[in-house]
Amino acid sequence: MKAMQVLQAGDHKLLLLELDPEFVANIAKQAGFEFKIDDNPRSMSLDLLAPDRQAPLLLFDAADPGNLGWFSRCQFYVDGRNGAVLQTPIYVANQRDRGGRTLPHAIRLRITKELPTSFRLPGKQPVTEQMVYAVLYNLLNALMNTGVGVCGGSIVKPLAGRTESIGVRN
C-alpha cells in the first residue's frame, strides 16, 4: 500500500489520494454492482450497474414528505445541484439511456483524488485511502439497501421513492 502524498502549489497544500483500482473494483463487486472504472491522475470514475435488481437504486428526493421514512435512515446526502456526496470526496451523476431517460439501476461516481489538506470526512476524520474505501463501501451499500437522499437542485435526479414532479419545471 502506497503512502498518501501532499502536494504544495504556492500557498495551497493538497492531499493526493493513491486509490487502488483493483481495491475499488472489489468494493463495487461486494456491493453487488457491475462496473467500469476509469482511473485518471486527478480522479477515479466508476460507471455502476445493478443489473439483477428489480427496484431502482435507493437514490431519493429528500425534500418529498412521502420519503420521510428513508430520510430518517439516511447516512448520505447528495447536493442535487452539483452531485457532491456531502462530507466526502465523491460525486454522483445519473446515467441515461440513448433516449435521454434516467436509468434506474445505474449510477456514475467520481472520486476526487486531490483534496485540500483541511478536508475532513464525517466525524472530522482526516482523509486516508482506507477511510475513502470505507465511505465508498458504505455509500454503495446505502444505494442498494438503506437509501441516499438528494437535496435540492435539478442536476441529480432521484431514482426511487416518489420521484414524479408536479407540473412543469424550468
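The values are calculated or read from the model by the stated rules, or taken from the named source; none is laboratory data. Note that the structure is predicted; figures quoted are calculated from it, not measured. Using ideal geometry, Cβ is built from the backbone for each residue, glycine included, and neighbour counts are taken over all protein chains shown.
Within region 106-158, the set of residues being part of a helix (DSSP H, G or I) and touching a His at 6+ places or on another chain (Cβ under 9 Å) is empty. Taking each residue of region 119-131 that is farther than 22 Å from V78 by Cβ and in contact (Cβ under 8 Å) with a residue 24 or more places away in the chain and looking for partners that are hydrophobic (A, V, I, L, M, F, W, C) and surrounded by 14 or more Cβ atoms within 10 Å (Cβ to Cβ) with beta-carbon atoms closer than 8 Å, six or more apart or interchain, yields T128/M4; E129/M4; E129/L17; E129/L19. For region 64-73, the criterion of being touching a helix residue (DSSP H, G or I) at 6+ places or on another chain (Cβ under 7 Å) and modelled with pLDDT of 90 or more is met by none of the residues. D52 meets the conditions (1) outside any loop (DSSP other than H, G, I, E, B); (2) without any contact (Cβ under 8 Å) to a residue 60 or more places away in the chain in every case but one. The failed one is (1).
Conditions: (1) at pLDDT below 90; (2) surrounded by fewer than 19 Cβ atoms within 10 Å (Cβ to Cβ). D39 meets all but one. Number of the miss? Against the list (1) at pLDDT below 90; (2) surrounded by fewer than 19 Cβ atoms within 10 Å (Cβ to Cβ), D39 comes up short only on (1).
Checked against the criterion of being crowded, with 16+ Cβ neighbours inside 10 Å, in contact (Cβ under 8 Å) with a residue 12 or more places away in the chain, over 16 Å from the mean Cα position of the chain (by Cα) and over 18 Å from G83 (Cβ atoms), region 17-25 contains one or more residues that satisfy it. Is it the case that L59 is in contact (Cβ under 8 Å) with a residue 60 or more places away in the chain, of a type in the set (A, V, I, L, M), surrounded by 14 or more Cβ atoms within 10 Å (Cβ to Cβ) and over 30 Å from Q8 (Cα atoms)? Criteria met by L59.
Within region 78-100, being assigned to a loop (DSSP other than H, G, I, E, B) and either under 25 Å from G123 (Cα atoms) or in contact with a Cys (Cβ under 9 Å, 6 or more places away or on another chain) (or both) holds for G80, R81, N82, G83, L86, Q87, T88, P89.
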